[in-house]
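Report on one structure; see the data block that follows.
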Amino acid sequence: MTGLVHYQILSAILFCIGLYGALSRKSAILILLSIEIMFNAVNLNLISLAAFSQFSQEQVALGQSIVVFVITIAAAELALGVAIILRIYKNKSSIDTDNLNLLKW
Amino acid sequence: MIENSNLISMMLFYLLAITIIASAIGVAISKNVMLACLSLLAALLGVAGLFIFLAAEFMALVQILIYGGTVVTVIVFAIILTNLNDFSNLKSTKQAPFAILACAGALACLIIGILGSSTSWPKLELNYISITYLGRYLFTDWAIPFELASLVLLIALIGAVLMVKPSNEDDK
């Protein structure tokens, strides 16, 4: 039977893969994709903790409610991120993050 | 009978886990941007399958609707609009070796932490709550944060529209 540990290790692996993608990608859109993977790892962790918790029904609902809020914030973040990427593309004709060094001192 | 269903659920779990990890690695290292996007879709649908496994079927529906439907579509549109023909910018940055080191370190710390703390979590059967209960919970105890979240989403969408709107001085 699969226990909590399986889900937690899976979500840790998923989070680290997303972290690697976000750190090593050059294209801004692919960084956004990797951030979505990280969001999913967190959601999986929350849902599995809620499903295996030893507390009342309310705690399970709490875990799932937090995931609803995380998904909402992720959607808002994605909309703003894509808007920023499109704006940068319009200004610089490139979304290569190595070229975005305007703020570099 | 119970042993049998346990074996099947175990196999299904590992199948889903392998699918998710393979697709996530595809997102992280694929050279083709559309392939990365479709791998993201596969990973998200796999996570939705795991949500069904965890008796959170409402979350699975939300995951398929929002991530599978909306997020992937928005990203495909972003790929179309930014014209990623030159695949040169799909190469990894120079900091990729350090990123591997950092991620391996983080993964090691996380797994040590998980395995170290797992003894305090006995194996229990899954908790199940109905959609009715979850909806009542969201709209009574968490009504104000829920409405605030919808307000945040609305403001973010308005901000996104304002940000990509061509300003009159620039483009006309």
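The values are calculated or read from the model by the stated rules, or taken from the named source; none is laboratory data. Because the structure is predicted, anything quoted here is derived from the model rather than measured. Every residue, glycine as well, gets a Cβ built from its backbone with ideal geometry; the counts of neighbours run over all protein chains shown. Side chains are part of the model used for accessible areas, which takes the heavy atoms of the whole protein and leaves out ligands, DNA and RNA. Shrake-Rupley method; radii C 1.70, N 1.55, O 1.52, S 1.80 Å.
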In the range A:63-93, which residues are surrounded by fewer than 19 Cβ atoms within 10 Å (Cβ to Cβ), of a type outside the set (A, V, I, L, M) and more than 7 Å from chain B (Cβ to nearest Cβ)? A:77, A:90, A:91, A:92, A:93
Just to check your reading of the model, which residue among A:49, A:78, A:103 is of a type in the set (A, V, I, L, M) and in a loop (DSSP other than H, G, I, E, B)? A:103
So, in the range A:1-31, exactly how many residues are touching a residue at least 40 places away in the same chain (Cβ under 8 Å), open to solvent by 10 Å² or more (accessible area, probe 1.4 Å), part of a helix (DSSP H, G or I) and within 7 Å of chain B (Cβ to nearest Cβ)? 2
Inside the range B:24-54, can you point out the residues that are under 28 Å from residue A:5 (Cβ atoms), open to solvent by 20 Å² or more (accessible area, probe 1.4 Å) and among the aliphatic types (A, V, I, L, M)? B:25, B:29, B:41, B:42, B:45, B:52
Can you name the number of the only condition in (1) facing chain B (nearest Cβ under 7 Å); (2) modelled with pLDDT of 90 or more; (3) farther than 17 Å from residue B:48 by Cα that residue A:60 fails? (2)
Which numbered condition trips up residue B:106, out of (1) open to solvent by less than 70 Å² (accessible area, probe 1.4 Å); (2) at pLDDT below 85? (2)
Can residue A:53 be described as within 7 Å of chain B (Cβ to nearest Cβ), surrounded by 20 or more Cβ atoms within 10 Å (Cβ to Cβ) and modelled with pLDDT under 90? no
Based on this model, can you work out whether residue B:125 counts as modelled with pLDDT of 85 or more and either of a type outside the set (Phe, Trp, Tyr) or open to solvent by 90 Å² or more (accessible area, probe 1.4 Å) (or both)? no
Restricting attention to the range B:134-151, report how many residues are open to solvent by 70 Å² or more (accessible area, probe 1.4 Å) and part of a helix (DSSP H, G or I). 7
